[in-house]
Amino acid sequence: MEKAFDEDPIPLNIKSSTILSIAIMVIGGLMFANNLPELGRQLFMYFKPENNLGHPGSLNQNAVVVAIKVITGAVLIGFQKPIVSLIEHNSVQTGA
């Protein structure tokens, strides 16, 4: 372990737009996949008849938050290219 190792740099020719695309897809996919089961449970509880009287349950605030997370994840996945273009356009304007 004490021997010196030659460090050869590994050239990576990846454009920043590719890295942004992958990051947006991963974030959107995680948001969508992590919250979809909870949204399904919340919807099931909403439409489940209370005491078999046929009245739907109440929709709580958590269901709305989970639905927004699922929609946000789907939007990130579906509109990934325009989002990357917007980020790159803003970074060019600010000089970053």
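None of the figures in this text is laboratory data; all of them are computed from the coordinates on show. Just so it is clear, the model here is predicted, and its values are computed rather than measured.
Can you bin region 17-94 into rounded, prolate or oblate? Criterion: square roots of the alpha carbon gyration tensor eigenvalues sorted a ≥ b ≥ c, rounded for a/c under 1.5, prolate for a/b above b/c, oblate for the rest. It comes out prolate by the Cα gyration axes.
Here the Karplus curve 6.51 cos²θ - 1.76 cosθ + 1.60, taken at θ = phi - 60°, turns the phi angles of region 60-76 into couplings of 8, 5, 4, 5, 5, 5, 5, 4, 5, 5, 5, 5, 4, x, 5, 5, 4 Hz, with x standing for Gly and Pro.
Less than 5 angstrom separates the built amide H of Leu59 from none of the residues sequence-distant by 5 or more or on a different chain.
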